[in-house]
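**Q** I am attaching a structure below and will ask some questions about it afterwards.
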């Protein structure tokens, strides 16, 4: 499913190679039957923003969002386990899932990094992709709320993933805008556990 590879690229570091692929990604967004009109428009808006920024500005914006706090981390198990021992066991389980499917990681990739997960889903059928997305719906919703709080167009990718999974998108109107550093968001999420209503006992390699 090429759409998941496009999502993976959009959530990856916006270096020159990624930016060169923006026209191809945009075409996938325009033609994918998996996207409703609102989701498509929001994704195309994100693509336009990345394309309009100069390279340095796009890279700085990405780092400011995703590399400065746990609430916005794209490493899924960090949201569940932090740096605890359970995260290592979950990593091993996810690596085994990849290996069984013939999906190979590079030496620099962690298996729970969302762009890697999406790259894997790009090689699987839709039923399996939806099942895995449902498994990590609480994490995706938490990341989406953090992005909406920062008024970031990157939230469009997560909203689209939730919709493809058959889940209700996060209501942007219910999220209070926050312009403070990501560390403040981390504190807010620590005070209000993001997964209090999640079924973490269920199967799947992302819970």
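None of the figures in this text is laboratory data; all of them are computed from the coordinates on show. It should be emphasised that the depicted structure is a prediction, and the values quoted were computed from it without experimental measurement.
**Q** Does the range 2-191 come out rounded, prolate or oblate by the C-alpha gyration tensor, with a ≥ b ≥ c the root eigenvalues, rounded set by a/c under 1.5 and, if not, prolate when a/b is larger than b/c and oblate if not?
**A** Rounded is the answer for the range 2-191, as its axis ratio a/c remains below 1.5.
**Q** Rounded to whole Å and sorted largest first, list the principal axis extents of the Cα atoms in the range 45-144.
**A** Sorted from largest, the Cα extents of the range 45-144 read 40, 32, 28 Å.
**Q** Given the range 1-109, what whole percent of its Cα pairs are spread farther than 19 Å?
**A** On the way: 3400 of 5886 pairs.
Summing the P(r) tail past 19 Å for the range 1-109 gives 58 percent.
**Q** Looking at the range 44-104, what % of the alpha carbon pairs are farther apart than 13 Å?
**A** Summing the P(r) tail past 13 Å for the range 44-104 gives 72 percent.
**Q** Sticking with this structure for a sec: Compute the length gained on full extension between residue 96 and residue 124: take 0.36 nm times their separation in residues and subtract their Cα-Cα distance, giving the result in nm to one decimal.
**A** 8.6 nm
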